[in-house]
Amino acid sequence: MAHFRVEGSKVLAVDLAGDAVRAKNGSMVAYEGQMSFKKLTGGGNGLRGIVTRRLTGEQMAVMEVTGRGTCYFADGARDISLVRLGGDKLHVEASNLLATEGGLRTGTTFTGLRGTSQGNGLFTTTVEGQGLAAVMSDGPALALRVDAQNPLQVDPGAYIAHTGKLTQKLQSGVTFRTVIGEGSGEAFQIRFEGEGLVYVQPSERNTIGGEL
Amino acid sequence: MSDPVEYDVRTLPSNDNANPYAFSVELAGQWFLQKGKMIAYYGQISFDGIGHGPLDGLIASSFHSPLHAADWVVANGHGKLLLADRAYDINSYDLEDGNLTVRSGNLLAFEPSLSLKQSIIPGFVTLIGTGKFVAASNGQVHFVEPPIRVDPQALVGWADCPSPCHHYDHQYLRGFLGGVRHLTGIGGASGEEHQFEFTGAGTVLVQSTEKMLDEQSVGGTPQQQGVPGGPPQP
C-alpha cells in the first residue's frame with residue numbers, strides 16, 4: 001500500500017512496496033530503491049480519457065510509478081496538501097494535481113461557465129475513490145468549510161479544489177462601471193453553495209476576471 | 001501528513017492572519033482593498049470601484065490619491081474576507097494617531113479610519129490616523145531604527161519621520177583605479193553604491209529579499225512646478 005507523506009511542505013514522499021501511484025509527468029525529483037516510470041496517455045483514463053481530455057482541453061500528463069522504495073515528487077516549489085478521499089469526489093484543476101494513489105480514478109467533468117473567467121477552460125479534473133490525493137498550491141492551501149447557512153465566494157484565481165456536495169456558479173459584479181474603466185477588480189467570483197470544503201491558495205493566477 | 005488547515009466562517013480569525021500568507025478581515029462596514037487581493041469571502045460583501053457615487057463621502061475623508069484610485073476598491077458589507085498576494089508574507093499593523101509610509105504595491109488593505117495620502121516620495125503612499133492596515137512583503141519584515149542605510153529594493157516603508165534621502169557611495173570611484181573603473185566599467189561595481197538613508201526618530205521596515213513587489217504604474221512625480229522633474233519656472 002502506497003504511503004504518502006509531505007516532507008517539509010514542498011516535497012511529497014511516497015513509500016511503495018510493489019504497488020503503483022500516478023503522478024504528474026516529470027514531477028519525480030529523487031527516488032530510493034527500484035522504480036519504473038511509465039507515461040500514461042490521456043491522463044490514465046484509457047481511450048475515452050484521451051478523447052475527452054483532448055476535446056475538453058483539460059490536458060493532464062500523468063505517469064504511473066511502480067516499484068519498491070521511496071519516491072520523491074515536487075513541482076515548481078509549490079506547497080503540497082494531502083486530501084483524503086473516502087468514496088467522495090475531489091474536483092481539482094489538472095495543473096494543481098500532483099499525485100494520486102493507485103486506487104483512485106480520475107476523470108473530467110463540465111464545471112459550467114466559471115471557467116470562462118479562469119482561463120482554465122470549462123472543464124475540471126475529478127478524482128474519485130478511496131485514498132489520498134496530493135494537491136499543489138502557490139503558498140500553503142486553506143480549506144474553507146461551506147455549509148447551508150454559509151455559502152462561500154472565491155476568487156477564480158485563488159481556487160484550487162473542492163470536495164463535497166457543492167454547487168458552484170459564477171457570480172459577476174460587472175456593471176456599466178467596469179466598461180468605463182471603473183471596475184472593482186473583483187468582477188467575478190465563484191459562489192459555492194451546499195456542504196463541503198473548498199481549497200484556496202494565498203495567491204492568484206492571472207485571470208481575465210482579475211483585470212476587470 | 002500535511003492536511004491543509006481547515007476553517008469555517010466561525011473559526012476564521014477576526015482581523016488576524018489565517019496563516020503567514022493570508023489575512024482574514026472581519027468586515028462590518030467598509031474597508032479599502034487593493035484590486036485583486038481578495039481570495040475568498042463569507043457573507044454579503046460588495047466591491048465598488050473608487051469613484052462609485054454613493055461612496056463619495058468616504059473617499060473624501062479617507063482617500064486622497066487620485067493617482068491610485070484606479071487600483072483600489074471599497075469592500076462594503078458584513079462577513080469574513082480573506083486577503084492574500086502572490087503567496088507573499090502578509091502582516092497587519094496598527095497605527096495609533098500615527099503615520100506610516102509604505103510602497104504602494106505592498107499595501108493590500110486599510111480601515112477607513114485611516115486616511116491614505118500619496119507620499120511626496122514617488123511610488124509610496126502615507127497612511128495617517130488610527131486604525132489597522134495590511135501590507136505584503138517578500139519574506140519577513142524587519143523593523144530597524146535609524147540612523148540606517150537601506151538597499152532601495154529591500155525597503156518596504158517607514159513610520160514617523162526619519163527623513164528619507166538618497167545616499168551615494170563614491171568611495172569606489174576614488175583614486176587612480178577607481179577612476180579607471182568609473183571611466184571604463186572594468187572591474188565592475190558591487191551594486192551597492194546607492195542606498196536610502198534614514199536619520200531621525202522613527203522605524204524603518206525592511207523585507208528580507210531584494211525582490212520588489214510589482215510596482216503599480218503610478219507614483220511618478222506630478223508634472224508641475226516646484227516638484228523635481230517638473231517644468232522649470234518661467
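The values are calculated or read from the model by the stated rules, or taken from the named source; none is laboratory data. Since this is a predicted model, take the numbers as computed values, not measurements. Don't worry about glycine lacking a Cβ; one is built from the backbone with ideal geometry, like all the others, and counts go over all protein chains shown. Just the protein is used for accessible areas: all its heavy atoms, side chains included, with ligands, DNA and RNA removed. Shrake-Rupley method; radii C 1.70, N 1.55, O 1.52, S 1.80 Å.
A few points about this structure:
- A:Thr124 being crowded, with 21+ Cβ neighbours inside 10 Å, at pLDDT 85 or above and away from every other protein chain (no Cβ under 12 Å): no
- Hits in the stretch A:148-171 - residues which are facing chain B (nearest Cβ under 7 Å) and open to solvent by 10 Å² or more (accessible area, probe 1.4 Å): A:Asn150
- Qualifying residue in the stretch B:30-41 (condition: small (Gly, Ala, Ser), in a strand (DSSP E or B) and open to solvent by less than 30 Å² (accessible area, probe 1.4 Å)): yes
- Just so you know, in the stretch A:72-92 the residues that are part of a loop (DSSP other than H, G, I, E, B) and crowded, with 18+ Cβ neighbours inside 10 Å include one that is nearest to the other protein chains (Cβ to nearest Cβ), and it is A:Arg78.
- With respect to the conditions (1) within 13 Å of chain A (Cβ to nearest Cβ); (2) more than 20 Å from B:Gly105 (Cα to Cα); (3) touching a strand residue (DSSP E or B) at 6+ places or on another chain (Cβ under 8 Å), B:Phe23 lacks only one, and its number is (2).
- Test: residue in the stretch B:1-15 that is open to solvent by less than 50 Å² (accessible area, probe 1.4 Å), small (Gly, Ala, Ser), without any contact (Cβ under 8 Å) to a residue 24 or more places away in the chain and closer than 26 Å to A:Ala141 by Cα: yes
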